[in-house]
Amino acid sequence: MPFNGVGKSCLLLRFSDDTFTTSFITTIGIDFKVRTVELDGKRVKLQIWDTAGQERFRTITTAYYRGAMGILLVYDVTDESSFNNIRNWIRNIEQHASDNVNKILVGNKVDMDAKRVVSTAQGQKLADEYGIKFFETSAKTNQNVEQVFFTIARDIKQRLTETVAAAAEPPTIQISRPDPDQPNPTSRWSSCCNT
């Protein structure tokens with residue numbers, strides 16, 4: 001996600017099918033692809049949803065945030081309005097997605113350097129502001145496409161592993177011995193016949 005015409009579908013096609021098209025692809029509502037990859041020695045099936053960037057589909061796409069484990073926030077480095085809209089998409093994610101969803105900011109179309117209006121430094125600054133990772137990509141030249149998808153997959157795997165490990169730890173109760181040098185505040189109440 002998010003903005004229209006930033007190359008989300010092209011990034012997904014490059015990652016899932018290793019193809020690129022110069023034709024403009026408009027996603028109507030939601031589309032998805034599946035790719036099985038080897039991640040840290042294990043085969044993992046990635047189901048990647050491609051959401052429409054147009055405003056008219058926003059109510060449909062926000063419904064998919066709840067189940068999302070990771071979200072790529074994609075903008076076009078040649079389109080400043082797509083970059084400026086990222087904050088709106090992050091607010092939308094914060095309202096509709098789980099609190100711990102992994103996010104990566106992606107500046108796409110870096111192969112069009114002559115038309116670039118959003119600098120790498122601007123992208124990194126925005127990512128730092130939200131405490132998320134940042135990549136610049138080109139679906140056309142395949143620059144950093146694999147790295148983005150593998151990074152978010154690893155981040156999700158790590159978060160899930162940590163969550164399972166935390167849940168597996170048994171609850172503990174710490175019992176400490178009373179200090180013999182300290183008066184016992186309950187001792188005056190320990191006898192029913194004390195006067």
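Since every read-out is calculated from the coordinates, none of them should be taken as a lab result. Values in this document were obtained by computation on a predicted structure and should not be read as measured data. Neighbour counts are summed over all protein chains in view; Cβ atoms, including those assigned to glycine, are modelled from backbone coordinates with ideal geometry.
Quick one: work out the % antiparallel among DSSP beta bridges in segment 8-168, nearest 5.
50 percent
Let me make sure I get this right: for segment 8-168, a, b and c are the square roots of the gyration tensor eigenvalues over alpha carbons, sorted descending. Under 1.5 in a/c it's rounded, otherwise prolate if a/b > b/c, else oblate. Which is it? Don't jump to the answer; show the numbers that get you there.
On the way: a/c = 1.41, a/b = 1.28, b/c = 1.10.
Verdict is rounded for segment 8-168.
How much net charge surrounds ASP40 when only the other residues with a Cβ under 10 Å from the Cβ of ASP40 are counted, with Lys and Arg +1 and Asp and Glu -1?
Working: positive: LYS42, ARG154, LYS157; negative: GLU38.
Result for the local shell: +2.
How far apart, in nm, are two points set 7 Å out from the Cα along the Cα-to-Cβ line at ASP99 and at ILE132?
The two pseudo-label positions are separated by 1.8 nm.
Determine which lysines satisfy two conditions relative to LYS42: a Cα distance under 28 Å, and not lying fewer than 8 residues away in the same chain.
LYS8, LYS33, LYS103, LYS133, LYS157
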